[in-house]
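*Asks:* Got a structure for you, questions after.
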Amino acid sequence: MSLSQDIKHKTLELGFDLAGITDASPIDTEQSGIFADWLESGFAGEMHYMHRNLEKRLDPGKLLENAQSVIVVGLNYTPPAHTQQKPAQPTGRVASYAQCEDYHPFIKERLRRLVEFISSRVDADFKFKICVDSAPVAERALAVRARLGFIGRNHMLINPKLGCQIFLGELITDLRLEPDACATCALGTKDVLHTLRDCGSCTKCIGACPTGALRDDGRFDAGKCINYWTIEHKGPIQPELAEKIGDRIFGCDECVLVCPYQNKAEACRNPQLRFCGNRTRLDLQEVLDLTAEQFETRFAGSPIERAGLDGLRRNAEICLANLKDRS
């Protein structure tokens, strides 16, 4: 078995669901053009950091000197089914990815263990860089090149077997590894991507988007996305948009949950990725009553921390107002 194959199989042992290897060349001109157009059109909203480190984002070689290969891993985060009693108080919905522990340290720690495995298999020293979401890298484009899936109309990476609730991580290295014609999947290694490269005629995600962030022309306007407004944006939210937030206190899954591939996806099978059943919905009044200390204690190690207490309270007030209007 080759080193590349050993590496991919080791990633599955470490708990990942997908693994593929691609070279460290720049992102192709089509994908880089799409990203440049997205920025120039103002679709990044107030996420000014997206404009920084553009060269690094489009070229893995700018992140690591003499980079040769990128190992891309995927972790299924489709939540397991939770049984909850009907709450007595009004509650707000939480996006699926925030129902589990923060994935950044989870993936980084396992990629470090992958580095240790590679070190045991090669004689010479090698350089590497671990990237998980926050690093300036076009991870979805790299994931497509590593044959983990395709980018759908909801602008998520879609794997035909695992759907589109997938955390991604990358290990950039100066080792020259053999790029894959087929990604390794915990549910089987058959390469189905030869025939499943796009969404076909399906437009369910566009129709499901509450705010029109998924445009009819195929572009994504993050400045209209509920994920952006409830998580990234600081300060008040304009009333016409607040009304469309409904009872979503943190994030939005509508474009994901309607995807036919997601409907067929299995729940996360990794027992080490801890899901919190009490975070599928949050008691809105309880959120409003939280002190800063209580917020830090309750949401320590959770993606919900990113919104901050002020942002979560703002979202809770919006949800309460929307629920009252509907009653």
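The values are calculated or read from the model by the stated rules, or taken from the named source; none is laboratory data. Remember, predicted model here, so these are calculated numbers, not experimental data. Here the Cβ is made from the backbone with ideal geometry for all residues, glycine too, and neighbour counts use every protein chain on show. Surface areas here come from the heavy atoms of the whole protein model, side chains and all, with no ligands, DNA or RNA. Shrake-Rupley method; radii C 1.70, N 1.55, O 1.52, S 1.80 Å.
*Asks:* Of all residues in region 163-184 being among the charged types (D, E, K, R) and in a loop (DSSP other than H, G, I, E, B), which is nearest to C100 (Cα to Cα)?
*Replies:* The first filter runs over region 163-184 and keeps only residues among the charged types (D, E, K, R), leaving 170, 174, 176, 178, 180.
Next, only the ones that are in a loop (DSSP other than H, G, I, E, B) stay: 174, 176, 178, 180.
Values: D174: 33, R176: 35, E178: 34, D180: 31 Å.
Ranking the candidates gives D180 first.
*Asks:* Let me ask something else. V287 - would you say it is at pLDDT 90 or above, closer than 27 Å to L14 by Cα, in a helix (DSSP H, G or I) and touching a Gly at 6+ places or on another chain (Cβ under 9 Å)?
*Replies:* On the way: at pLDDT 90 or above: yes; closer than 27 Å to L14 by Cα: no; in a helix (DSSP H, G or I): yes; touching a Gly at 6+ places or on another chain (Cβ under 9 Å): yes.
Spelling it out, it is not the case that V287 is at pLDDT 90 or above, closer than 27 Å to L14 by Cα, in a helix (DSSP H, G or I) and touching a Gly at 6+ places or on another chain (Cβ under 9 Å).
*Asks:* Okay, moving on. Among (1) at positive phi; (2) polar (S, T, N, Q); (3) at pLDDT 95 or above, there is one condition N53 misses while meeting the rest; what is its number?
*Replies:* (3)
*Asks:* Would you tally the residues in region 1-16 being closer than 18 Å to G169 by Cβ, polar (S, T, N, Q) and open to solvent by 50 Å² or more (accessible area, probe 1.4 Å)?
*Replies:* 0
*Asks:* Can you tell me which of A24, A67, A19, A44 is among the small types (G, A, S), more than 28 Å from C185 (Cα to Cα) and either free of Cβ contacts under 8 Å to residues at least 60 places away in the same chain or buried (at least 17 other Cβ atoms within 10 Å of the Cβ) (or both)?
*Replies:* Details: A24 fails: more than 28 Å from C185 (Cα to Cα); A67 fails: more than 28 Å from C185 (Cα to Cα); A19 fails: more than 28 Å from C185 (Cα to Cα).
Within the list A24, A67, A19, A44, the selection yields A44.
Here's the yes/no breakdown for (1) under 25 Å from I107 (Cα atoms); (2) open to solvent by less than 30 Å² (accessible area, probe 1.4 Å); (3) among the β-branched types (V, I, T):
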site	(1), (2), (3)
G235	no, no, no
I245	no, yes, yes
G251	yes, yes, no
E266	yes, no, no
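*Asks:* Here is a further query. Which residue, of E116, E170, E139, is buried (at least 17 other Cβ atoms within 10 Å of the Cβ) and at pLDDT 95 or above? Break it down stepwise before answering.
*Replies:* Working: E116 fails: buried (at least 17 other Cβ atoms within 10 Å of the Cβ); E139 fails: at pLDDT 95 or above.
That would be E170, the only listed residue that is buried (at least 17 other Cβ atoms within 10 Å of the Cβ) and at pLDDT 95 or above.
*Asks:* Can you give me the number of residues within region 53-64 that are surrounded by 17 or more Cβ atoms within 10 Å (Cβ to Cβ) and assigned to a helix (DSSP H, G or I)? Walk me through how you get there before you give the answer.
*Replies:* First, the residues of region 53-64 that are surrounded by 17 or more Cβ atoms within 10 Å (Cβ to Cβ): 57-64.
Then drop every residue that is not assigned to a helix (DSSP H, G or I), which leaves 57-58, 60-62.
Here the count works out to 5.
*Asks:* Test each condition in (1) within 16 Å of L142 (Cβ to Cβ); (2) part of a helix (DSSP H, G or I); (3) open to solvent by less than 40 Å² (accessible area, probe 1.4 Å) for M50 and report the one that comes out false.
*Replies:* (1)
*Asks:* Go through the residues of region 252-262 one by one and say whether even a single one is at pLDDT 95 or above, part of a helix (DSSP H, G or I), of a type in the set (V, I, T) and under 30 Å from G152 (Cα atoms).
*Replies:* Yes: one or more hits.
*Asks:* Of the residues that make up region 232-242, is at least one under 18 Å from the mean Cα position of the chain (by Cα), assigned to a helix (DSSP H, G or I), among the charged types (D, E, K, R) and at pLDDT 95 or above?
*Replies:* No, the conditions are met nowhere in region 232-242.
*Asks:* What's the total number of residues in region 106-161 that are part of a strand (DSSP E or B), under 24 Å from N66 (Cβ atoms) and not aliphatic (A, V, I, L, M)? Don't jump to the end; show me each part of the working.
*Replies:* So in region 106-161, the residues part of a strand (DSSP E or B) come out as 128-131, 150-151, 157-159.
Filter once more, so that each one left must be under 24 Å from N66 (Cβ atoms): 128-131.
Then keep just the ones that are not aliphatic (A, V, I, L, M); that gives 128-129, 131.
Number of matching residues: 3.
*Asks:* Still on this structure, please answer the following. Is it the case that A267 is in contact with a strand residue (DSSP E or B) (Cβ under 9 Å, 6 or more places away or on another chain), at pLDDT below 95 and in a loop (DSSP other than H, G, I, E, B)?
*Replies:* Working: in contact with a strand residue (DSSP E or B) (Cβ under 9 Å, 6 or more places away or on another chain): yes; at pLDDT below 95: yes; in a loop (DSSP other than H, G, I, E, B): yes.
Taking the combined requirement at face value, the residue satisfies it.
Matching residues to (1) open to solvent by less than 20 Å² (accessible area, probe 1.4 Å); (2) within 27 Å of S41 (Cβ to Cβ); (3) within 21 Å of the chain's Cα centre (by Cα); (4) modelled with pLDDT of 95 or more:
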residue	(1), (2), (3), (4)
D191	no, no, no, no
H194	no, no, no, no
D198	no, yes, yes, no
D216	no, yes, no, no
F220	no, yes, yes, no
